[in-house]
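What follows is a set of notes on a single structure, which appears directly below.
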Amino acid sequence: MLTVAIVSQKGGSGKTTLAVHLGSSASRAGYVSCIIDTDPQATAAAWGDWRGGEDPEVITTPPARLAKTLSNTAELGAEVVIIDTPPHADAAAREAAKASDLILIPCRPRAFDLHAIRATADLVKFSGKPGFVVFNAAPPRAPSLFSEAAGLVEEIGLRVSPVVIADRAAFHHGTAAGKTAVESDPLGRAAEEMHALWLWACERVNMPARKHERKSRSVQS
């Protein structure tokens, strides 16, 4: 079972946006996937409710129960699990990082946001797991900004995903209906960026981007 943790100590960084899009990408690729929402605000869980039961399944759990929930989902056939974590919660982020195969750190390419990921960088180093910053909600055309931000990220010991997720309306339009940008505007740039992120994440963990035979088994805690 592939486990991806989405962590950031800063609120509003876009963790849930990445979580629901990656979870949905895994489902569309034929994998049995689920999103584990450890944030007390349960934003990913609300998205799952709006989705009306369509894959991926969203499971809420407190951080202290994360290991048990992961064990249960593995036993029930989950193949890809995305963990959405709360901001300002070291314990939750540590548990998610420890349990993951890949850590993604969404970050806006701005000074305050870049400063805030220093604490997350320490957490990633302590976990010993591969971690990458994903520039999120970024200006669509600002190559010099990304270059400068990437340099700052690398100075604190983190790597940067080559896929940048821009600030696009498509990420917001379908949310209330439980849709992703890929579903609400499949030919748009937002869909293209999220698909690229899914392909890149699969490459990082040596997993095929598409599974030929899809399982239909439900995953529940």
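The values are calculated or read from the model by the stated rules, or taken from the named source; none is laboratory data. Because the structure is predicted, anything quoted here is derived from the model rather than measured. In this analysis, Cβ positions are derived from the backbone assuming ideal geometry, glycine residues included, and neighbour counts consider all displayed protein chains.
Here are the numbers for this structure:
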item	result
Residue selected from segment 154-206 under the condition part of a loop (DSSP other than H, G, I, E, B) and acidic (Asp, Glu), by the criterion surrounded by the fewest Cβ atoms within 10 Å (Cβ to Cβ)	167
Enumeration of residues in segment 132-151 that are aliphatic (A, V, I, L, M), under 9 Å from residue 109 (Cβ atoms), free of Cβ contacts under 8 Å to residues at least 40 places away in the same chain and buried (at least 17 other Cβ atoms within 10 Å of the Cβ)	138, 150
Unique residue being among the small types (Gly, Ala, Ser) and more than 18 Å from residue 84 (Cα to Cα) when the list is 121, 99, 177, 201	177
Qualifying positions in segment 40-50 - surrounded by fewer than 21 Cβ atoms within 10 Å (Cβ to Cβ) and in contact (Cβ under 8 Å) with a residue 12 or more places away in the chain	40, 41, 42, 43, 45, 49, 50
Residue pairs meeting the criteria (Cβ under 6 Å; at least 6 apart or on separate chains; first at negative phi and surrounded by 16 or more Cβ atoms within 10 Å (Cβ to Cβ), in segment 72-99; second polar (S, T, N, Q) and in a strand (DSSP E or B))	80/33; 81/3; 99/3
Candidates 118, 108 - the one that is charged (D, E, K, R), touching a residue at least 24 places away in the same chain (Cβ under 8 Å) and within 24 Å of residue 171 (Cα to Cα)	108
Residue satisfying condition, being modelled with pLDDT of 90 or more and over 25 Å from residue 3 (Cβ atoms), within set 149, 166	166
Options 124, 133, 81: the member that is closer than 16 Å to residue 10 by Cα and touching a Gly at 6+ places or on another chain (Cβ under 9 Å)	124
First in segment 53-69 and of a type in the set (S, T, N, Q), second anywhere and in a strand (DSSP E or B) and modelled with pLDDT of 90 or more, Cβ under 7 Å, 6 or more apart	60/37; 61/36; 69/36; 69/59
